[in-house]
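Worksheet: the structure to be examined is printed underneath.
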Amino acid sequence: MKAHARIEVQEHFKKIYHFADRVIEIALLLYFIFGIGLALFYDTWVVALTVGPLAMGMYAAAKWFFPNKTLNQYIAGLAVDIFMAQFIYQMHGLFEMHFFAFIGAILLITYQNWKAFIPLTISIVVHHAAFAYLQYIGYEEAYFTQLDYMSLSTFLFHVGLAAVILALCAYWAFDFHKRTVRSLLTNLKLQDQLSHTDQNIAFAAEIAKGDLSSNKDREEVDELGRSLIDMQEKLRDAKQREQREKFMNVGLAEISDILRKHVHSLEELSDHVITYLVKYLNANQGALFIANDIEDSNGEQTLTMTACYAYEKKKFLEKTIQAGQGLVGQTYLEKKSVHLTQLPQNYVSITSGLGETTPKSLLLVPLIVNETIEGVLEIASFYKFSEDAVAFLEKVGESIASMIASSKSSLSMSRLLEDAKSNTEELRATEEEIRQNNEELQAIQEEMARKEREQAAFLQAIQQSIGMVELNMSGQIEQINHILRQQLGYKQNELVGKPHTVLLGDGQTKGADYKSFWADITQGKLSQILLELRSKQGDTHTLAVSGNPMEDQQKIMLLCWLGTTPKVMA
């Protein structure tokens with residue numbers, strides 16, 4: 001809202017407040033007279049002559065001490081509630097006296113100030129709650145209702161309805177205020193439009209002639225004038241945007257042509273690109289740094305200056321920096337453009353290598369494609385780079401990075417093809433050597449297979465002549481081969497789980513030789529003994545037995561040499 005419109009609104013509401021004050025003053029006077037009338041019938045002169053003047057005095061004091069404030073509006077709401085409380089007391093809790101609060105709320109609408117209902121609402125809630133509670137606990141001098149008892153639900157309904165009525169009154173006051181302001185602003189707007197019509201016509205004529213340089217204050221014109229200003233600004237922006245797009249499109253097209261022509265030579269591509277960019281941006285110096293694919297001896301990523309141009313001449317400089325070194329190295333690591341407008345006197349010669357003259361503005365742009373940085377472009381000028389120049393270089397940087405990556409790939413493919421040729425020859429020689437080795441290996445495998453067959457036949461022959469019993473460390477039989485089972489006349493698994501002593505003749509386990517034999521093998525030593533093994537039919541066979549402990553499996557293997565003559569037990 002403009003200042004003069006705000007003043008007009010304030011002046012208009014002063015008139016509204018003045019009228020509302022007269023209404024409230026008359027209403028309060030009538031309330032006081034009504035209280036005097038009640039005192040005539042119910043002999044409540046003390047209340048009528050103390051409470052009534054108190055309420056009117058509060059309102060008068062607010063008007064007197066704060067003449068230009070809205071405090072009297074809030075006091076008026078309190079005064080209405082005080083008069084209502086007076087009437088309820090004078091009428092000994094007559095329920096209809098509560099309606100005087102609603103009459104006062106209607107009168108407060110004339111102020112068109114919804115905040116004026118806040119004190120009235122708070123006062124009603126406090127008054128009703130306090131007097132209802134005092135009457136409920138039996139205090140006879142506090143009148144709230146003529147009923148002997150009011151339930152909580154009834155009280156809540158009473159308060160709720162009162163709150164709804166007050167809320168509606170407050171809403172209408174707010175709505176009247178809003179409508180009044182809208183009407184005033186509409187009238188003022190029409191007046192302003194009429195007063196600015198001639199100015200708008202002249203302004204439109206200037207725009208029609210193509211004069212876009214004039215500037216008008218938006219606060220001093222109407223809606224039509226602001227529309228004309230918007231149109232002027234849009235035309236001006238469109239012209240500037242057309243110039244920027246032309247600058248961007250022409251530069252991109254020409255740099256793309258350079259990149260296409262020199263994609264196969266990274267050195268030529270760098271020279272032509274940096275020369276074109278320095279001239280196109282009216283800069284003074286420039287350099288192009290490209291990231292090396294191979295790290296240095298310290299394992300650090302490095303960048304090499306592949307082209308340098310200054311003062312319309314190509315500079316033959318050689319410079320390699322590490323990632324993180326100087327502004328170029330920092331730009332490489334952070335992958336963000338850097339635009340400096342204040343440089344130290346010797347910055348270029350020390351850090352940039354572009355010469356001895358110190359520029360006033362320096363722009364470093366990372367060359368990024370597919371989130372991979374291929375290098376850094378550094379341009380220096382005696383003037384500050386515009387936002388369009390920065391955006392152009394960042395856009396061009398993507399194309400340059402793409403071409404650098406393509407050029408690197410081409411060079412890499414060439415090297416790979418050369419390496420592939422040499423590797424092919426090496427592979428051929430290696431294949432011949434492998435073929436010869438395979439033939440020798442096949443002969444060795446055939447010899448090993450022959451020896452394995454011989455060993456298998458030998459082992460089978462041994463198993464046909466040697467009985468084997470597998471025991472656990474407790475001496476229980478876990479397995480016995482078929483040769484020994486047949487020799488002793490037992491079936492498969494018949495002896496599994498039984499102690500091995502069932503196979504020994506009477507009294508052998510008590511002999512010193514057997515005890516020594518068993519002690520050795522349980523202690524992990526090889527031992528041999530001559531034992532008499534008893535068959536299932538009762539025959540005995542004197543056999544040479546070898547005990548072989550197997551510590552890794554916690555087992556004992558007994559080897560029995562067959563071939564001795566059986567001995568019939570008496």
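Of (1) on the phi < 0 side of the Ramachandran plot; (2) open to solvent by 80 Å² or more (accessible area, probe 1.4 Å); (3) in contact (Cβ under 8 Å) with a residue 12 or more places away in the chain, HIS92 satisfies all except one. Which?
The failed condition is (1).
Being surrounded by 15 or more Cβ atoms within 10 Å (Cβ to Cβ) and without any contact (Cβ under 8 Å) to a residue 40 or more places away in the chain is the filter here, so list the residues in the range 477-500 that pass it.
ILE477, ILE480, ASN481, ARG485, LEU495
Only one residue in GLU220, GLU267 is open to solvent by 90 Å² or more (accessible area, probe 1.4 Å), modelled with pLDDT under 70 and not basic (Lys, Arg). Which one?
When all the criteria are applied, what remains is GLU220.
If only one of ALA76, ALA85, ALA61, ALA39 is within 16 Å of PHE131 (Cα to Cα) and either without any contact (Cβ under 8 Å) to a residue 12 or more places away in the chain or of a type in the set (Gly, Ala, Ser) (or both), which one is it?
ALA85
From the residues in the range 371-406 that are charged (D, E, K, R) and open to solvent by less than 50 Å² (accessible area, probe 1.4 Å), which one is farthest from THR331 (Cα to Cα)?
GLU374
Which of the residues spanning the range 407-442 are of a type outside the set (D, E, K, R) and open to solvent by 80 Å² or more (accessible area, probe 1.4 Å)?
MET413, LEU416, LEU417, LEU427, ILE434, GLN436, ASN438, LEU441, GLN442
Taking the residues in the range 336-363 that are under 23 Å from SER386 (Cβ atoms) and open to solvent by 90 Å² or more (accessible area, probe 1.4 Å) as candidates, determine which candidate is modelled with the highest pLDDT.
By that ranking, first place goes to LYS336.
Which of the residues spanning the range 5-15 are in contact (Cβ under 8 Å) with a residue 40 or more places away in the chain and either touching a Gly at 6+ places or on another chain (Cβ under 8 Å) or open to solvent by 20 Å² or more (accessible area, probe 1.4 Å) (or both)?
Scanning the range 5-15 gives GLU8, HIS12.
Taking the range 52-73 as the region of interest, how many residues are open to solvent by 40 Å² or more (accessible area, probe 1.4 Å) and under 24 Å from GLU96 (Cα atoms)?
Summing the residues that are open to solvent by 40 Å² or more (accessible area, probe 1.4 Å) and under 24 Å from GLU96 (Cα atoms) in the range 52-73 gives 3.
LEU152 passes all but one of (1) surrounded by 11 or more Cβ atoms within 10 Å (Cβ to Cβ); (2) modelled with pLDDT under 80; which number fails?
For LEU152, the failing item is (1).
Restricting to the range 27-47, and then to whatever is open to solvent by 30 Å² or more (accessible area, probe 1.4 Å) and among the aromatic types (Phe, Trp, Tyr), can you tell me which residue is nearest to ALA60 (Cα to Cα)?
Looking at the filtered set, the residue picked out is PHE32.
Would a scan of the range 452-463 turn up a residue that is β-branched (Val, Ile, Thr), exposed (fewer than 14 other Cβ atoms within 10 Å of the Cβ) and at pLDDT below 80?
Within the range 452-463, one or more residues are β-branched (Val, Ile, Thr), exposed (fewer than 14 other Cβ atoms within 10 Å of the Cβ) and at pLDDT below 80.
I'm trying to understand the selection: among the residues of the range 16-26, which are open to solvent by 90 Å² or more (accessible area, probe 1.4 Å) and modelled with pLDDT under 85?
Result: HIS18, single match.
Output yes when any residue across the range 276-287 is in a loop (DSSP other than H, G, I, E, B), modelled with pLDDT of 70 or more, open to solvent by 70 Å² or more (accessible area, probe 1.4 Å) and of a type in the set (A, V, I, L, M), and no when none is.
no
The values are calculated or read from the model by the stated rules, or taken from the named source; none is laboratory data. Here the structure is a predicted model, which means the values were calculated and not measured. Cβ coordinates were reconstructed from backbone atoms using ideal geometry, including for glycine residues, and neighbour counts include every protein chain displayed. The area values use the complete protein model at the heavy-atom level, side chains included, leaving out ligands, DNA and RNA. Shrake-Rupley method; radii C 1.70, N 1.55, O 1.52, S 1.80 Å.
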